[in-house]
Structure formats: structure tokens, C-alpha cells
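The values are calculated or read from the model by the stated rules, or taken from the named source; none is laboratory data. Just so you know, these numbers come straight off a predicted model, no measurement behind them. Cβ placement follows ideal geometry from the backbone for every residue including glycine, while neighbour counts extend to all protein chains displayed. Just so you know, the surface numbers come from the protein's heavy atoms only, side chains and all, with ligands and any DNA or RNA stripped out. Shrake-Rupley method; radii C 1.70, N 1.55, O 1.52, S 1.80 Å.
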Amino acid sequence: MSQKSRYLIIDKRIITEGEILDFSLFYPNETKTKMILLIETGSNITSDMKVTLRGIEKLYVKDSDHPAYQLYLDSHIQHIAARSDIPTEEKAAIVYEKATEVMNNMFHNPEALGNVQEIQPLVGGFIDIVLHDQNAVESLMQITAHDYYTHTHSINVSIYTISLGSFMGITGDELKTLGTAAVLHDIGKSKVDYNIINKNGRLDDMEFEEMKRHPSEGHTIALKLGITDERILTGIRHHHERLEGGGYPDNLKGDQISKFARIIGVCDVFDALSTKRSYKDPMSSFEALGLMKREFSTHLDMGMVNSFIKMLHKQGKS
């Protein structure tokens, strides 16, 4: 194998018939000592080429071509999610992997407009998966990260929120706006001390007060990014408000809390309970929902919690 070129494996399933590629594709020879050129830069992908690709186990691009491949992936992610020839579990994994990369970048540079623009096709991708497969929620739950990290938590909450919103009858642009609000709901944590975010144990009172800044910080970031849709802004700012009052940052009650914020609040708590933390093991879905019913009855919208339970029950019976 050439010492001058490095090769990176790619997902061959995203290569679409009829497209002209801005990167070359390679595969290893039988002894894996040399890369063989399969499709050259500028080639139009024909049906015969797609048949050939199916017979190749692993496909690679040169390291120098990887940025061009990433641009291709970004522009095709929603198309991939809508394809019926790729199993739901595989589509979900492709979109989730890309979403993890985008959200990681966003938490490192939260005020970069380009990162926000990259979110939209990912939200659309998750919506397409949910709408095109009656078992999508179960498939998506299987690929969500089970250890708690801020950026993967945001993706998980977005997946649950889109699924619950769709189950509740939210459609079209409203569902996409809801998904955007959910994926951005914790962006304010990028302004909270790193040691508090990643503390190996429970927060003390002073640390918790610092953590409570993140919804208002997120609201400020969203405004700086030019987001003006009040549904997104309230979803970010008010997902920790409580129906009985006493939440933060604005101590709202009942119907003062927007529908988006209440949906995100339910999904936020569910993911927090069902993922592993440094100081606790994850709960099963049954255990998490049982705790939410018993101990969060005055905090969360129980109608939405019941809808979440019905959604999962429907998936289990499908």
C-alpha cells in the first residue's frame, strides 16, 4: 500500500446512482497490500457501478479527498434517511454518527452559523426515518448513546422529541421546528464551566446554581445565531420549567410553559434517567417512565408522559 497516501473507509451505501463524484473510490486487493482505483473523480455513478459496489466489502477514499466526501455526505443525509432499500437500523446509525460529529462541533463553537445550518438536514433525516417506518422509535433507541455526554444527549432528546411530536399529531414544518428546538435545547451548557458539566458525581449547591444558567445562556446563543422563532426560543429557555412552578430560569407555571418546552422537558428527563452517568447506572425505559409518573407528576406534563408511554407501547406491539 502506498506510503504517500492514507485511505479512510467510507459508507458505500450513500453513493447514489446518477451522481457525479468529486472524489475517487478505492478498494483493497485480496492481500490488502495495495489500493485499487475503482471509480475516478468526476465519474457519473451508473447502475452498473452500483451493482459493482454491492460486491465490494469495503470502500475507501484518499485522506486528501475526505473533505469532498464529507460535503457529499452532508448534502445526501436526508436522502439517505428516506431510502427504502437501507434498513432502518443502518440509516439511523448513519444519521446518528453524522449528528454526533455536528453537535460535538457545535458545543465547541456554539455561535458559528455554519454549525446551525448543518443541523437542519439532520433533523430532517430523523423525521424521515420516523415517518417512513412504524418501528423507527425502537430502531432509533437501539442506536442512541447509552453513556451521558452533552452532545449525544441533545441528539437523543431530539430523536425522542420528534418521535413524540409525530405521535401527538405534529407534522410538517412544525415538526422540523420542534426537532431543531430539541437538538439545541442544551446549547447553553457550552457556556457552563467544563468541570461542572463533566463532574464525576453529583453537583453541590453552588455547582447546580451555575448549571441552572444553561437555559438562559442557550436562549442568548440562539438569538445571536439569528433564531427568531419563539417556539424554538421558548423550547430552549423553558425546558426546565415546572407545571407547578419553581422551575428555572423564569419560574413559569402551567400554560405559561410552551408546548415545545413541555415536550422537550419530558424527553430530556427520560434520556437523563435512561443513560449512564458517572454516579448512577441507567434505568430501563419501564423504570424511567415509572419514576417520571411517580415523582415528576407536578413537574412534567403528564398527558405528554402518557403519550410517550403509548408511543413506546405501540412500537412494542408492532
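Below is a table of values for the structure above.
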read-out: Out-of-range pairs (alpha-carbon distance over 23 Å; input LYS189/LYS280; LYS12/LYS32; LYS280/LYS310; LYS98/LYS189; LYS12/LYS34); value: LYS280/LYS310
read-out: Percent accessible area from carbon and sulfur atoms, the chain, protein chains only, probe 1.4 Å; value: 49
read-out: Segment 100-192: equivalent-ellipsoid semi-axes (sqrt of 5 x gyration tensor eigenvalues, Cα, Å); value: 22, 15, 11
read-out: Separation in nanometres of the label points that stand 7 Å from Cα toward Cβ, at GLU17 and ASN306; value: 4.9
read-out: Segment 157-199: translational diffusion in µm²/s, Stokes-Einstein, Kirkwood Rh over Cα pairs, 25 °C, 0.890 mPa s; value: 214
read-out: Packing rank of 25-37, 108-120, where each peptide gets the mean count of other beta carbons within 10 Å, highest leading; value: 108-120, 25-37
read-out: Residue list for segment 87-112, given a label point 7 angstrom along the Cα-to-Cβ vector of HIS66 and an amide N cut-off under 20 Å; value: 94-109
read-out: Listed residues HIS132, ASN44, HIS108: farthest to the positive end of the dipole of the chain (Cβ charges); value: HIS132
read-out: Net lengthening on full extension, ALA82/GLU210 (0.36 nm per residue, minus Cα-Cα); value: 42.0 nm
read-out: Proportion of all alpha-carbon pairs of segment 61-121 beyond 20 Å (%); value: 33
read-out: Estimated dipole of segment 206-302 in Debye, rounded to 20 [Cβ of Lys and Arg +1, of Asp and Glu -1, Cα centre]; value: 120
read-out: Average Cα contact separation per residue, the chain, under 8 Å, 6 or more apart, as relative contact order %; value: 13
read-out: Values of log10 I(q)/I(0), in the order q = 0.09 Å⁻¹, for segment 207-310 under a Debye, Cα-only, solvent-free model; value: -0.24
read-out: The chain: calculated mean residue ellipticity at 222 nm from DSSP helix runs of at least 4, using -39500 (n - 2.57); value: -17500 deg cm²/dmol
read-out: Top positive-direction residue, dipole computed over segment 81-167 with Cβ charges, set ALA93, SER163, ALA82; value: SER163
read-out: Cα convex hull of segment 1-151, projected area averaged across orientations, nm²; value: 10.6
read-out: Under the Karplus curve 6.51 cos²θ - 1.76 cosθ + 1.60, θ = phi - 60°, whole-Hz ³J(HN,Hα) for segment 104-109, x wherever Gly or Pro sits; value: 4, 4, 5, 6, 7, 9
read-out: Stokes-Einstein translational diffusion, the chain - Kirkwood Rh over all Cα pairs, 1.002 mPa s, 20 °C, in µm²/s; value: 102
read-out: Antiparallel content of DSSP bridges confined to the chain, in %, to 5; value: 90
read-out: Point-to-point label distance, SER285-THR41, nm (Cα→Cβ direction, 7 Å offset); value: 4.6
read-out: Dipole magnitude of the chain about its Cα centre (Cβ charges: Lys, Arg +1; Asp, Glu -1), debye to nearest 20; value: 460
read-out: Dipole of segment 180-231, positive end: most advanced residue of ILE196, LEU223, THR180 [Cβ charges, Cα centre]; value: THR180
read-out: Segment 240-289: chymotrypsin sites (Phe, Trp or Tyr not before Pro) falling in loop per DSSP and having at most 13 other Cβ within 10 Å; value: TYR279
